[in-house]
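Asker: Have a look at the structure that comes next, please.
Derivation of every value follows stated rules applied to the coordinates shown; laboratory data play no part. This one's a predicted model, so the numbers in the text were calculated from it and none came from an experiment. A quick note on method: Cβ atoms are made from the backbone with ideal geometry, for glycine too, and the neighbour counts reach across all protein chains shown.
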Amino acid sequence: MVIKEGDLVLLVHKGSKWLIKVEKNKVFHTHRGFIDLNNMIGKEYGTIIKSSSGYDFYIFYPLIRDFVMQLRKKTQIIYPKDIAIITLYADIRPGKVVVEGGTGTGALTLVLASLVSPTGKVYSYDVNVENLMHARRNIEKFGLSNVVEFKVGDVTKHINESNVDAVILDIPTPWLAVPVIRNVLKPGGVFASFSPTIEQVIQTVNMLENSKFSEVECYECIMRQLRVKNGMTRPFHRQIVHTGYIVLARLLAT
């Protein structure tokens, strides 16, 4: 696959990563010298380009996790390890209709949009207009704005959609949204929430179990990266381990 003008590429050098747009007659500055973006055009992904200081940089096409981690962040994001659990267990795939409560920066929104595309839809709610505007810019950058509809609103009070496949929350009080979500999900639809504290989890689970939901589960995803070297393999010293708790449930038919 050949790199063209206007493509987004991932530039990698010894653990550092940059997501950049390839533009003619522009240079990209790094701590290891600058890179002439003209020299990327026509190259294959997976090749090496040298900086002005003679250092090697690898050019890759970005993976979805690279998009998530390289987003311009206005709020704390849900990390890829947690997004992976949420989207797999909530069965997010092409054609699904999903409501998201708590857009934030739009990291989860981006993944949801990429998974339901091209025939599905994501309705993303946030009470903060600035968050929605910021997330919209992020989603437009990756060409998925046609799949997402951003809405100003509080999902603990009202959701316009009905008969949706899943509702996914990243808000301070997910339990308050449960009565609303009961009227939004299709029977068998999936509820998912992400919360940083166990107190939030307890209140959410209690509400779900008393609101005609079944298969209520809670997970904490802990992932450790290892530095692999002969005779000295060990986990990295500094890692983000605990990020939050995931609650999942399915709606029973009334």
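Asker: For semi-axes √(5λ) of the Cα gyration tensor in Å, the listed values are (i) 32, 25, 17; (ii) 38, 22, 15; (iii) 30, 21, 17; which was obtained by calculation from the structure presented?
Answerer: This structure yields the entry labelled (ii).
Asker: The stretch 193-215 to the stretch 148-169: how many Å between their Cα centroids?
Answerer: Comparing the Cα centres of the stretch 193-215 and the stretch 148-169, I get a distance of 18 Å.
Asker: Take every DSSP beta bridge with both residues inside the stretch 66-251 and express the antiparallel ones as a percent of the total, to the nearest 5. If you can, show how the numbers build up before the last one.
Answerer: Numbers: 13 of 32 bridges.
Here the share of antiparallel DSSP bridges comes out near 40 percent.
Asker: For the peptides 24-30, 205-211, what is the packing order when you average, over each peptide's residues, the other Cβ atoms within 10 Å and list the highest mean first?
Answerer: So the peptides 24-30, 205-211, ranked by packing, come out 205-211, 24-30.
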